[in-house]
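Undergrad: Here it is, the structure, as structure tokens.
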Amino acid sequence: ASPGTVYACVEVADHGEGIAAAEIPNLFDPFFSRRFVGRGLGLAVVLGIVRAHEGVITVDSWPGEGSVFRLFFPTSADVPCANQASPACSPRGDTKTVLFIDDEELVRNMASMMLERLGFTVLQAKNGVEAVELCRQRTEEIDCVVCDVTMPEMGGWETLEALRAIVPELPVVLASGYTEAHVMGERHTQRPDGFLAKPFQMDELNDVVCRAMARLDR
């Protein structure tokens, strides 16, 4: 938080089982989960959204009583306007279209919001099968693809190969909560044009998309 900045607060509270004090520092870590089901990415994504808006999130919890999450966002007068952020790359001045593929709706919506704020047109797909069909139908419109690595039905690497079979020079970025070394260390015929670590901020998303498309222009 910046001194002198006025913040709006969104408070979410429950009266559930609460969270042990020792677990609170790990709540926003990717893949940390207190449950047997789920990927542990929900709060990591929330943190990414809050940070993308220059905000802060706090947690108070009492075992057996419940928890309170407070999200603080700078009021509009203090938030940098869109053209003060890293601008979307558009060397010819035309609007670029990005296809964002992820099976998590929250992640898709967050990324779409960021990309649209940067000036991109956004298409969404919830899995590789849907993305490949969308690419066949709208081949001429798609300038870049950002694709999650771990998805049901068709994973990121398989989706990359299927998309390149349709458009051989299509810029594709793979995204994952795993490390870049872990993901990119796998051996595959097709290689992506970039890697995006989850959770990500708007500048990071913009930079990796711009670099991927710049490789095509060279």
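Undergrad: Going through the stretch 159-218 one residue at a time, which ones are outside any helix (DSSP H, G or I), closer than 18 Å to residue 141 by Cα and in contact with a helix residue (DSSP H, G or I) (Cβ under 8 Å, 6 or more places away or on another chain)?
TA: 167, 169, 170, 171, 172, 173
Undergrad: Any residue in the stretch 18-44 that is among the acidic types (Asp, Glu) and part of a loop (DSSP other than H, G, I, E, B) sitting within a Cβ distance under 7 Å of a residue that is surrounded by 14 or more Cβ atoms within 10 Å (Cβ to Cβ) and modelled with pLDDT under 85? List the pairs, counting only those 6 or more apart or interchain.
TA: Listed by first residue and then by second, the contacts come to 29/44.
Undergrad: Would the stretch 200-214 turn up any residue that is among the basic types (Lys, Arg) and touching a residue at least 24 places away in the same chain (Cβ under 8 Å)?
TA: No, the stretch 200-214 contains no residue that is among the basic types (Lys, Arg) and touching a residue at least 24 places away in the same chain (Cβ under 8 Å).
Undergrad: Something else about it: Report, ordered by the first and then the second residue, all pairs with beta carbons closer than 7 Å, sequence separation of six or more or different chains, a first member in the stretch 179-192 that is under 12 Å from residue 157 (Cβ atoms), and a second member that is among the basic types (Lys, Arg) and not in a loop (DSSP other than H, G, I, E, B).
TA: Sorted first by the residue in the stretch 179-192, then by its partner, the pairs are 190/164.
The values are calculated or read from the model by the stated rules, or taken from the named source; none is laboratory data. As the structure is a prediction and not an experimental result, all values here were calculated from the model. As a convention, Cβ positions derive from the backbone with ideal geometry for all residues, glycine included, and neighbour counts pool all protein chains shown.
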